[in-house]
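Bear in mind that the values in this text are calculations on the coordinates, not laboratory data. Because the structure is predicted, anything quoted here is derived from the model rather than measured. Every residue, glycine as well, gets a Cβ built from its backbone with ideal geometry; the counts of neighbours run over all protein chains shown.
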């Protein structure tokens, strides 16, 4: 099931960051506070049509672009995509991916 609040929030955050706008700067323009925006961006709160419009204007995008989040995947969807992609790899490629993942885990 698609979590629209989470994806919309992630999309707003993505657009905001791509335009090098801080949360503080955005809330000043839309008349809100950082706690509220943080809850929106983290999918904890939905926003009114008025706030949607204000955010779109502040980010200089059409409202419909806020809902262009088909490329944003949940963790489960992302894992499923990775597994699907792994099925198409050769044995040599799988070993390379495995080593890469091990190295990545060691960075944490």
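Can you sort 22, 34 by how many other beta carbons sit within 10 Å, fewest first?
Numbers: 22 11, 34 14.
Ascending Cβ contact count within 10 Å gives the list 22, 34.
Angle check, please: helix 75-87 long axis (alpha carbons) against the longest principal axis of the chain (alpha carbons), in degrees 0 to 90, nearest 10.
30
Report the gain in length on full extension from residue 4 to residue 29: 0.36 nm times residue separation, minus Cα-Cα distance, nm rounded to one decimal. Walk me through the numbers on the way to the answer.
Details: separation 25, 0.36 × 25 = 9.00 nm, distance 2.40 nm.
Using 0.36 nm per residue and subtracting the Cα-Cα distance, I get 6.6 nm.
Hey, could you grab the Kirkwood Rh for the chain? Inverse mean 1/r over distinct alpha carbon pairs, Å, one decimal. Kindly include the intermediate steps, with their values, before the conclusion.
Values: mean 1/r = 0.0625 Å⁻¹.
Every distinct Cα pair counted, the radius reaches 16.0 Å.
Kindly identify the stretch 4-66 as rounded, prolate or oblate by the Cα gyration tensor criterion: order the square roots of the eigenvalues as a ≥ b ≥ c, call it rounded if a/c is under 1.5, otherwise compare a/b with b/c, prolate if a/b is larger, else oblate.
On the way: a/c = 1.20, a/b = 1.06, b/c = 1.13.
Rounded.
Ignoring everything except DSSP H segments at least 4 long, calculate the 222 nm mean residue ellipticity for the chain; use -39,500 (n - 2.57) per segment, divide by total residues, nearest 500.
On the way: 7 runs with 76 residues, N = 108.
One gets -21000 deg cm²/dmol as the mean residue ellipticity at 222 nm.
Using a simple spin-label model with points 7 Å from Cα along the Cα→Cβ vector, what separation in nm is obtained for residue 104 and residue 18?
Roughly 2.2 nm, to one decimal.
Going by C-beta contacts inside 10 Å, put 53, 32, 48 in order with the fewest on the left. Let's see the in-between values first.
Values: 53 14, 32 17, 48 8.
By the 10 Å Cβ count, ascending, the order reads 48, 53, 32.
Please arrange 40, 4 by counting, for each residue, the other beta carbons lying within 10 Å of its beta carbon, fewest first.
Working: 40 22, 4 12.
Sorted ascending by nearby Cβ count, the order is 4, 40.
Which whole-number percent is the relative contact order of the chain (Cα, under 8 Å, 6+ apart)? Before the final figure, lay out each step's value.
Numbers: 67 pairs, mean separation 30.2, N = 108.
After rounding, I find 28 percent.
Using only the alpha-carbon atoms, how far is helix 91-107 inclined from the longest principal axis of the chain? Give it as 0 to 90 degrees, nearest 10.
50
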